[in-house]
1. Six or more apart or on different chains, Cβ atoms under 6 Å: show the pairs whose first residue is in region 75-86 and at positive phi and whose second is more than 10 Å from the ligand (Cβ to nearest atom) and open to solvent by 10 Å² or more (accessible area, probe 1.4 Å).
2. In this structure, is Glu119 acidic (Asp, Glu) and either away from the ligand (no atom under 16 Å from the Cβ) or in contact (Cβ under 8 Å) with a residue 40 or more places away in the chain (or both)?
3. I'd like the full set of residues that are closer than 18 Å to Lys317 by Cα, of a type in the set (D, E, K, R) and touching a helix residue (DSSP H, G or I) at 6+ places or on another chain (Cβ under 9 Å), limited to region 224-261.
4. Can you pull out the helices (runs of 4 or more DSSP H) entirely within region 204-317 that have at least 3 residues that are closer than 18 Å to Ser91 by Cβ?
5. Report, by residue number, each residue of region 93-122 that is open to solvent by less than 10 Å² (accessible area, probe 1.4 Å), of a type outside the set (Asp, Glu) and closer than 22 Å to Ala286 by Cα.
6. Scan (1) surrounded by fewer than 18 Cβ atoms within 10 Å (Cβ to Cβ); (2) touching a Lys or Arg at 6+ places or on another chain (Cβ under 7 Å); (3) under 18 Å from Cys219 (Cβ atoms) for the single condition Met294 breaks and write down its number.
7. Can you name every residue in region 14-24 that is within 13 Å of the ligand (Cβ to nearest atom) and open to solvent by 20 Å² or more (accessible area, probe 1.4 Å)?
8. Against the definition (in a helix (DSSP H, G or I), within 29 Å of Met95 (Cβ to Cβ), open to solvent by less than 40 Å² (accessible area, probe 1.4 Å) and in contact with a strand residue (DSSP E or B) (Cβ under 9 Å, 6 or more places away or on another chain)), how does Val148 come out, yes or no?
Amino acid sequence: MAAIRVARTFTGKKKVIKMGGAYHGWSDQLVYSLHIPYTKRFEAHGIPEESVANTTECAPGDINSLRKVLEENEKDGGTACVIMEPFGPESGTRMMPFEYCAQARELCDEFDTLLIFDEVVTAFRIGPGGAAGFFGVKPDLTVLGKIVSGGFPMAGGVGGREDIMSCMAAGVQSGKQRAYVGGTLTANPLSCAAGYYAIKEIVEQDAARKAGENADKLCAGLQSLIDKYDLPFVVWNTASIIHFEVSGVMYLSVRDPEIINKISERKKSMEEFGAALTANGVITLAGSRIYTSMADNDETLAETLTAFEEVFSNVEK
Ligand SMILES: Cc1ncc(COP(=O)(O)O)c(C=O)c1O
């Protein structure tokens, strides 16, 4: 919310482009085409239509689609920002070509649009430089969350180019155009301290690399189990983010006339899979994702694989 408000203040433009299927928090303007591209307001209950009047989407990983939406938006005042997860929507569930971020950077410059990286998940998992460092692409603004306060509540942050960030203001300002950003818990000293020390430890202890190695091991173990039980599941990892697809629900297409039935059917199987894992002591993200940490070890990885094996061995084919 803050990054978009700042981008609009700085550029004087209204339109926002997100990738279809991406999640960037639950603000009115961004509950749009969640999970599956082009589903638009499918999940926007309780949100007036006007709230997403300036939200547009492009096809994930398709640079020509981004260009097309940028061009269309030009007819209506232009695009304030393109917001994206650098590894693709939903922590990289939808993978993108390696060169996508660099190409998006070039397009944003061409259209005088700000590039916002949502690194809420990736910042402290990919490495100290986040996904921006990995891809060697500098966004105008970066959004952080979750690990940014080391597990402490009230996690969120936005940073970037000084001239853009200087548009952000809390309290009374006069003379300049300012993006109003604030709230009771903004700049909460405890969260700030938690964040400072969490990031310090993450860097000093090389946490991203260790967490990533744990994910590599877990992913290899899961692949062996999938092979052993001959299941039509897919597993892969990007650093400490492990994806496992048991129903491919997010890969459905709105062009499929059966989509409504398939969404509920496949969502159910994913949720049941997640519930079965929870019953066996492993909490996943909705039965489709696991995030490892540096605190994992051979014992926790073995326990996790035992739980998966219990569930896999009971799958009816
Ligand atoms: C990529 C991404 N952006 C934004 C958010 C929203 O973060 P918060 O729940 O702290 O608003 C999430 C949360 O899952 C996320 O994964």
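The values are calculated or read from the model by the stated rules, or taken from the named source; none is laboratory data. Here the structure is a predicted model, which means the values were calculated and not measured. Cβ placement follows ideal geometry from the backbone for every residue including glycine, while neighbour counts extend to all protein chains displayed. The area values use the complete protein model at the heavy-atom level, side chains included, leaving out ligands, DNA and RNA. Shrake-Rupley method; radii C 1.70, N 1.55, O 1.52, S 1.80 Å.
1. Gly77/Lys13; Gly77/Lys14; Gly78/Lys13
2. Details: acidic (Asp, Glu): yes; either away from the ligand (no atom under 16 Å from the Cβ) or in contact (Cβ under 8 Å) with a residue 40 or more places away in the chain (or both): no.
No, not satisfied.
3. Scanning region 224-261 gives Lys228, Glu245.
4. Numbers: elements: 207-228, 259-279, 298-312.
In region 204-317, 207-228, 259-279 are the helices (runs of 4 or more DSSP H) which contain 3 or more residues that are closer than 18 Å to Ser91 by Cβ.
5. Answer for region 93-122, where residues must be open to solvent by less than 10 Å² (accessible area, probe 1.4 Å), of a type outside the set (Asp, Glu) and closer than 22 Å to Ala286 by Cα: Thr93, Thr122.
6. (1)
7. If we filter region 14-24 for residues that are within 13 Å of the ligand (Cβ to nearest atom), which is where we start, we get 18-19, 21-24.
Matches in region 14-24: Tyr23, His24.
8. Details: in a helix (DSSP H, G or I): yes; within 29 Å of Met95 (Cβ to Cβ): yes; open to solvent by less than 40 Å² (accessible area, probe 1.4 Å): yes; in contact with a strand residue (DSSP E or B) (Cβ under 9 Å, 6 or more places away or on another chain): yes.
Yes, satisfied.
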